[in-house]
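Sharing a structure, written as structure tokens. Questions coming.
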Amino acid sequence: MIEIKNLVVEIEGNRILNGLDLTVRDGEVAAIMGPNGSGKSTLSYVIAGKEEYEVLEGEILLDGENILELEPYERAARGVFLAFQYPLEIPGVATMSFLKAILNAQLKARGEAELTTPDFMRRVKAAAERLQINQDMLKRALNVGFSGGEKKRMEILQMALLQPSFCILDETDSGLDIDALRIVAEGVNALRDGKRSFLVITHYQRLLNHIVPDTVHVMSKGRIVRTGDRELALELEASGYADYVTEAA
Ligand code: ADP
Ligand code: MG
Ligand code: MG
């Protein structure tokens, strides 16, 4: 379970998160919707531990432990995973080497033995097949020359391999056509197991037809301004964010 309490965050003197409260229970799929610039990506970065954000107040408790004190790799070791809105291209790094490194680091953190190369290959191939990622893509440098949709699927492949306990998806649906969206959603749904928690950030209700959330939060100006169930997403789709942009001003 993750509990975020009164989170206040600035970057370069600008206040981006403004007393944000949010709880995601074990097994819960929580969606965050909200207009551009409301701080959704900032929230995901602060949870994952990206530097350069100044946390002025508040705490982020993962199963009771304040993870704000931890390095990003320590948070990852505890099961926090962020699928980026804009996955980076990393020219010098072979995709397979990268996947092997992150998986072995995760296994080590859990006190489990590293996989043998054949076991690793089998696992990657099975996950890649499910996400319709072809073998040629796996032979390239990480994300280099991948289409937008391929990059997003590569994020979900990492998630499938790592089996994190708290998965954050930051606009994984943006730039995906309807087929790619379905593939990604199936990949995510396959990981739902009643224990693992998800924070699904999206602008559009469309994704939530495929990944059906338990809870929907509306974020505006750096805080959660409304919480509801699935119906709230449908309501937003009809009415837009106009009410919320002014509400929290
Ligand atoms: P969202 O994901 O909801 O669109 P972001 O978290 O990306 O919102 O951004 C929230 C606000 O913070 C925006 O006004 C954005 O311009 C600002 N912001 C984000 N990153 C930085 C940065 N590195 N430096 C300055 N301002 C930033
Ligand atoms: Mg945005
Ligand atoms: Mg964003």
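Quick one: if you take sqrt(5λ) for each eigenvalue of the C-alpha gyration tensor of region 5-142, what semi-axes come out, biggest first, whole angstrom? Could you put the intermediate results ahead of the total?
Values: eigenvalues 201, 66, 44 Å².
Each semi-axis is the square root of five times an eigenvalue, giving 32, 18, 15 Å.
Starting at 0 and stepping by 10 Å, how many percent of the alpha carbon pairs of the chain end up in each bin?
Binned Cα distances yield the sequence 7, 31, 36, 21, 4, 0.
Which of 202, 42, 172 has the fewest other C-beta atoms within 10 Å, and how do the rest follow up to the most? Don't skip to the end; give the middle numbers.
On the way: 202 23, 42 20, 172 28.
Sorted ascending by nearby Cβ count, the order is 42, 202, 172.
Still on this structure, I have one more. Report the GluC sites (Glu not before Pro) located in region 1-98 that are in a DSSP loop and have at most 11 other Cβ atoms inside 10 Å of their Cβ, or state none.
Numbers: sites: 3, 10, 12, 28, 51, 52, 54, 57, 59, 65, 69, 74, 89; in loops: 12, 28, 51, 52, 89.
Qualifying residues, ordered by number: 12, 51, 52.
Please report the antiparallel percentage of DSSP beta bridges with both residues in region 95-246, rounded to the nearest 5.
Values: 5 of 10 bridges.
That works out to approximately 50 percent antiparallel.
Per residue of region 149-160, what does 6.51 cos²θ - 1.76 cosθ + 1.60 with θ = phi - 60° give for ³J(HN,Hα)? Whole Hz please, x for Gly and Pro, Karplus curve as stated.
So the Karplus estimates, Gly and Pro as x, are x, 5, 4, 5, 5, 5, 4, 6, 4, 4, 5, 5 Hz.
In Å, what Kirkwood hydrodynamic radius results for region 73-199 from the alpha-carbon pair distances? The partial results should precede the final answer.
Working: mean 1/r = 0.0677 Å⁻¹.
About 14.8 Å, per the Kirkwood formula over Cα pairs.
Could you give P(r) for region 135-194, binned at 5 Å from zero, as whole percent values over all Cα-Cα pairs?
Spelled out per bin, shortest first, that is 4, 18, 29, 24, 19, 6, 1, 0.
For residue 152, which lysines qualify as cross-link partners when the Cα separation must be under 24 Å and same-chain residues fewer than eight apart are set aside?
40, 50, 100, 125, 139, 195
Given a Förster distance of 41 Å, report the FRET efficiency between residue 122 and residue 21 from their Cβ-Cβ distance, rounded to the nearest 0.05.
Numbers: r = 43 Å, r/R0 = 1.05.
The pair residue 122/residue 21 has a calculated efficiency of 0.45.
Here's another thing I want to ask about it. Taking H as built 1.01 Å from N, whose amide H comes closer than 5 Å to the amide H of residue 223, not counting residues under 5 places away?
Amide H neighbours of residue 223, under 5 Å, 5+ apart: 18.
Relative contact order for the chain: what is it in percent, counting Cα pairs under 8 Å that are at least 6 residues apart?
Values: 448 pairs, mean separation 72.6, N = 249.
Relative contact order, the chain: 29 percent.
If each of residue 191 and residue 108 carries a label point 7 Å out from its Cα toward its Cβ, how far apart are those two points in nm?
Label at residue 191, label at residue 108, 2.2 nm between them.
On full extension of the chain, what length is gained from residue 36 through residue 59, given 0.36 nm per residue of separation minus the C-alpha to C-alpha distance?
Values: separation 23, 0.36 × 23 = 8.28 nm, distance 2.43 nm.
Computed gain between residue 36 and residue 59 is 5.8 nm.
Read-outs: derived from the displayed coordinates by stated rules, not from any lab. Just so it is clear, the model here is predicted, and its values are computed rather than measured. A quick note on method: Cβ atoms are made from the backbone with ideal geometry, for glycine too, and the neighbour counts reach across all protein chains shown.
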